[in-house]
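J.: The following block contains the structure, expressed as C-alpha cells.
The values are calculated or read from the model by the stated rules, or taken from the named source; none is laboratory data. Remember, predicted model here, so these are calculated numbers, not experimental data. For neighbour counting, all protein chains shown are included, and Cβ atoms are generated from backbone atoms with ideal geometry for every residue, glycine included. Note: accessible area is taken over every heavy atom of the protein model, side chains too, but ligands, DNA and RNA are not part of it. Shrake-Rupley method; radii C 1.70, N 1.55, O 1.52, S 1.80 Å.
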Amino acid sequence: MLKIEGLHTYYGYIHALKGIDIEVGNGEIVSLIGSNGAGKTTTLGSIAGLVPSSQGRITFEGKDITNVPPHKLVQMGISLSPEGREVFPALTVEENLRLGAYTKKDKDRTDASFERVYDLFPRLKERVAQLAGTLSGGEQQMLAIGRALMCEPKLLLLDEPSLGLAPTLVAQIFALIEDINRQGTTILLIEQNANMALSVASRAYVLETGSIAMSGPAKELAVDPRVKEAYLGAH
Amino acid sequence: MVVFIQQFINGLAIGMAYSLIAVGFSLVFGILRLVNFAHGAVYAFGAQFALVIFVGMQISIALAILLAMVAAGLLGVIIDKTALEPLRKKKSMPIANLITTIGISHILVNLMTIYFGSQTRGFPALFSFGMIEVAGVRVDSNQLMLCLVALILMGVLTIVVQKSKIGLAIRATEQNTKAASLMGINVNFVISFVFFLAGASAAIAGGLIASHYRIVFPAMGFDAGLKAFSAAVLGGIGSLPGSIIGGLIVGVSESMAANFLGSAYRDSVAFVILILVLIIRPTGLFGKKAIMKV
Ligand SMILES: Nc1ncnc2c1ncn2[C@@H]1O[C@H](COP(=O)(O)OP(=O)(O)OP(=O)(O)O)[C@@H](O)[C@H]1O
Ligand SMILES: [Mg+2]
C-alpha cells in the first residue's frame with residue numbers, strides 16, 4: 001500500500017533521513033521505533049507532505065506521492081495524527097472533529113464518521129461543546145486520533161499516540177488502535193513505548209540516526225537481543 | 001447638546017466605514033500574523049475603480065461599487081500570490097513581509113496616479129432621498145445607508161467566519177496552519193479567500209466613504225488605512241466585533257475632535273486614544289490573550 005524507497009530528507013544542512021526504505025502492506029499495523037531524534041517524526045512528516053524530501057520516492061497505492069502537499073494526501077486517504085496532538089485549542093471538540101471530515105462532501109458519511117469516533121471515544125461525546133484547549137492531555141490525544149479518523153483514511157499515521165498518558169490509558173489507546181485496524185484501516189505507528197508498539201504490530205522497523213537499522217516481524221524483533229538492550233529496557 | 005449628538009452621529013457613520021476597512025486588517029492579521037499595510041491602497045483602488053467604471057460604462061454607482069468589490073478582492077488575492085506567498089514559501093522573516101506590504105502600498109498608489117490621474121475627482125452620491133431631521137439633529141440618506149450597508153456586511157462576514165465551512169477552515173488555519181493542512185484544508189486557498197474578503201470589504205468602504213465626502217484621490221488610502229489599522233488594534237486585532245467597536249470609536253472621536261478642538265486635531269485624537277487603550281489593555285478591547293501559535 002505504502003512504499004518508501006531511498007528517502008533522504010534534510011533540515012537545512014541536517015541530514016535527518018539518510019536513504020530509508022519502508023513498506024506497509026494493506027491491512028497491516030507497522031511500527032517504527034527508535035530513540036529520540038532518530039527521525040521517526042520526520043519520516044511521517046515526509047509521508048504526510050509536511051517535510052520536503054530531497055531524494056527518493058514515496059508511493060501510495062502505486063501513485064507517486066513524493067512532495068505532494070498534505071491537503072491532497074488527505075483526499076487520497078492518508079491521515080496523520082501528529083506528534084504533540086496539535087488540536088485546535090480555541091475550537092470545540094465537535095468543530096475539531098468536523099475539520100477532520102473537511103474533505104468529505106457527503107453529509108451521511110460525515111455523520112457516520114462522527115458515530116464511529118464517538119463509539120471509539122465515548123469521552124469525546126460527553127464533551128462535544130468543550131473547547132479543545134481545555135481538555136486533559138489524554139482527552140486531547142483521543143481527539144487527535146478521532147480527528148484523524150474522521151476522513152475515513154485508508155492509511156492512518158500515528159505519531160506517539162501514548163505520549164504523556166497514564167499506563168491504564170496507554171493500554172486503552174493500544175486496544176483502540178487494534179480496533180481501528182480491525183475495522184479496516186492500515187496503520188503506521190511511531191512509539192517510544194517499544195514494548196507496546198511491537199505487541200500490536202505485525203512488522204516493525206528500527207530507526208537509528210536517520211537509517212533503518214533493523215526490520216522484520218514484530219514478534220522476532222521483540223526477542224532480538226539488540227532491540228531488547230536498546231529499546232525494551234533489557235534486564 | 002444638539003451639536004454633540006450631531007457630531008456623534010456623523011462619527012458613527014464614518015466609523016462604520018472604518019470598521020469595514022479594519023476588518024480586513026483583522027482577518028489578514030488573524031491568519032498570517034501580518035499587518036497588511038497595502039490594505040489602505042486596496043481601499044483607495046476600490047473607490048477609484050468604482051468611479052472609473054461608473055463614468056466609463058455608464059452604469060449606476062451602486063453597481064459600479066459592486067464590481068469594484070470583486071476587482072479589489074481580486075487585487076488582494078494578486079498581492080498575496082505575487083508578493084507574499086513567495087515570501088512565505090521561503091520562510092522569510094516577518095519584517096520582510098511587513099516591508100513588502102508597505103512597498104506594495106506605494107506601488108499601487110503610484111499606479112493609480114498613473115492610470116487614474118493624481119487629481120482629486122468628484123464622486124457621486126450613492127443615495128439621495130433627502131435627510132431625516134429630529135429635534136435639530138440631521139441624518140442624511142448617505143449616512144444612514146452607510147451605517148446600514150456596513151452593518152449588513154459585518155453581519156454577513158461574521159456569519160461566514162462563524163457558521164460556514166470555509167469560516168471553520170479560516171479559524172482552524174488561524175490557530176494552527178500545519179494541523180489545518182493535515183485536515184485536508186488547502187491553506188493557500190484559505191489565505192486567498194481571506195484576502196478576497198478583505199479587499200472586497202475595503203472596496204465597499206471606499207465606495208461608501210467616497211460617496212460621503214464626494215471625492216476620491218489616489219493617496220486617500222494612507223490616512224484611512226492608518227486609522228482603520230488603529231481601529232483594528234484598538235478593538236483587538238483578529239476580532240470582528242473588535243473591529244466594529246474600534247472603527248466606531250475612531251470615527252466618533254475624530255468627529256468630536258474636529259468639532260470641539262478644531263479640525264487640526266481631527267487626525268490625531270484617534271491615535272491618542274489608541275495609545276491610552278493599549279497601555280491599559282495591550283490586547284485591545286476585545287483582544288484574546290495571545291493565541292497560541294504552534
Ligand atoms: N524543523 C526542524 N529543523 C531542524 N532540525 C530538525 C527539525 N525537525 C527535526 N529536526 C532534527 O531532525 C532529527 C530527527 O528528528 P525527528 O523529530 O524526526 O526525531 P524523532 O525520531 O521523531 O524523535 P522523538 O522520539 O524525540 O520524537 C533530529 O536530529 C532533529 O533535531
Ligand atoms: Mg518524534
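J.: Ordered by residue, what ³J(HN,Hα) values in Hz, to whole numbers, does the range A:168-173 give under the Karplus form 6.51 cos²θ - 1.76 cosθ + 1.60, where θ = phi - 60° and Gly and Pro are x?
T.: Running phi through 6.51 cos²θ - 1.76 cosθ + 1.60 with θ = phi - 60° gives 5, 5, 4, 4, 4, 4 Hz.
J.: Using the structure shown, select from A:K125/B:K178; A:K18/B:K81; A:K125/B:K165 the pairs with a Cα to Cα distance greater than 28 angstrom.
T.: The pairs that break the limit, which is 28 Å between Cα atoms, are A:K18/B:K81.
J.: Between the range A:170-225 and the range B:112-138, how far is it from one alpha carbon centroid to the other, in angstrom?
T.: 70
J.: Using a Förster distance of 25 angstrom, determine the FRET efficiency expected from the C-beta separation of A:D179 and A:K105, and round it to 0.05.
T.: Calculated transfer efficiency: 0.40.
J.: Measure of size requested: the Rg and Dmax of the range A:112-235, with Cα atoms as the atom set and Å as the unit; please supply both.
T.: 15.8, 49
J.: Next up: Could you name the aspartates and glutamates whose alpha carbon sits less than 17 Å from that of B:K227, not counting residues in the same chain fewer than 8 places away?
T.: B:E254, B:D267
J.: Between the helical axis of A:107-120 and the dominant principal axis of chain A, each derived from Cα atoms, what acute angle in degrees is found, rounded to the nearest 10?
T.: 70
J.: Roughly how big is chain A's charge dipole about its Cα centre, with Cβ charges of +1 (Lys, Arg) and -1 (Asp, Glu), in debye to the nearest 20? Kindly include the intermediate steps, with their values, before the conclusion.
T.: Values: 23 positive and 27 negative charges, 59 e Å.
Value, rounded to 20: 280 debye.
J.: Now for a different question. Consider just the alpha-carbon atoms of chain A and return their Rg together with their Dmax, both in angstrom.
T.: For chain A, the Cα-based Rg and Dmax read 17.2, 53 Å.
J.: Rg and Dmax of the range B:2-221, Cα atoms, in Å?
T.: Both quantities, over Cα of the range B:2-221: 18.4, 61 Å.
J.: Next question. What residues have an amide H closer than 5 Å to that of A:E208, excluding those fewer than 5 places away on the same chain, when H is modeled at 1.01 Å from N in the peptide plane?
T.: HN-HN under 5 Å from A:E208: A:A213.
J.: Once fully extended, how much extra length lies between B:I280 and B:I159, figured as 0.36 nm per residue of separation less the alpha-carbon to alpha-carbon distance?
T.: Stretched out fully, the B:I280 to B:I159 stretch lengthens by 40.5 nm.
J.: Applying 1/(1 + (r/R0)^6) with R0 = 30 Å to the Cβ-Cβ distance of B:E85 and B:Y115, what FRET efficiency is obtained, to the nearest 0.05?
T.: Once the sixth-power term is evaluated, E becomes 0.75.
J.: Shifting gears a bit: Give a residue-ordered list of calculated ³J(HN,Hα) values for the range A:41-54 (Karplus: 6.51 cos²θ - 1.76 cosθ + 1.60, θ = phi - 60°; whole Hz; x for Gly, Pro).
T.: Once θ is set to phi - 60°, the couplings for the range A:41-54 become 4, 4, 4, 5, x, 5, 5, 7, x, 8, 10, x, 9, 9 Hz.
J.: Next question. Assuming R0 = 60 Å, can you tell me the calculated FRET efficiency for the pair A:V223 and B:I95, based on Cβ-Cβ distance, to the nearest 0.05?
T.: Working: r = 56 Å, r/R0 = 0.94.
It comes to 0.60.
J.: Tell me the per residue accessible area of the protein assembly as shown using a 1.4 Å probe; a whole number in Å² is fine.
T.: Accessible area per residue, the protein assembly as shown: 43 Å².
J.: Need the list of aspartates and glutamates near B:K91 for cross-linking: C-alpha distance under 15 angstrom, and skip anything on the same chain fewer than eight residues off.
T.: Cross-link targets: B:D80.
J.: Can you send over the carbon and sulfur percentage of the accessible area for chain B, probe radius 1.4 Å, protein chains only?
T.: Numbers: 9320 of 12760 Å².
About 73 percent, which is the carbon plus sulfur part of the accessible surface.
J.: Further question: In the protein assembly as shown, what is the volume of the convex hull around the alpha carbon atoms, normalised per residue and reported in Å³?
T.: Here the figure is 179 Å³ per residue.
J.: Please list the helices of chain B that count as membrane-span-like by this rule: a mean Kyte-Doolittle hydropathy of at least -0.5 together with Cα atoms stretching 20 Å or more along the helix axis, each helix being a complete DSSP H run. The partial results should precede the final answer.
T.: On the way: long enough: B:2-32 (44 Å, 1.87); B:39-57 (26 Å, 1.54); B:61-79 (26 Å, 2.92); B:94-116 (32 Å, 1.42); B:141-163 (32 Å, 1.76); B:187-213 (39 Å, 1.63); B:220-235 (23 Å, 1.07); B:240-260 (30 Å, 1.20); B:266-280 (23 Å, 2.52).
Result, helices passing both filters: B:2-32, B:39-57, B:61-79, B:94-116, B:141-163, B:187-213, B:220-235, B:240-260, B:266-280.
J.: Also: What residues have an amide H closer than 5 Å to that of A:G56, excluding those fewer than 5 places away on the same chain, when H is modeled at 1.01 Å from N in the peptide plane?
T.: Under 5 Å from the amide H of A:G56: A:H8.
J.: Gain in length, B:R214 to B:I107, computed as 0.36 nm per residue apart minus the alpha-carbon separation, to one decimal in nm?
T.: Gain in length upon complete extension: 36.0 nm.
J.: Amide H to amide H, which residues 5 or more places from A:G216 or on other chains are under 5 Å from it, using H placed in the peptide plane?
T.: A:A204
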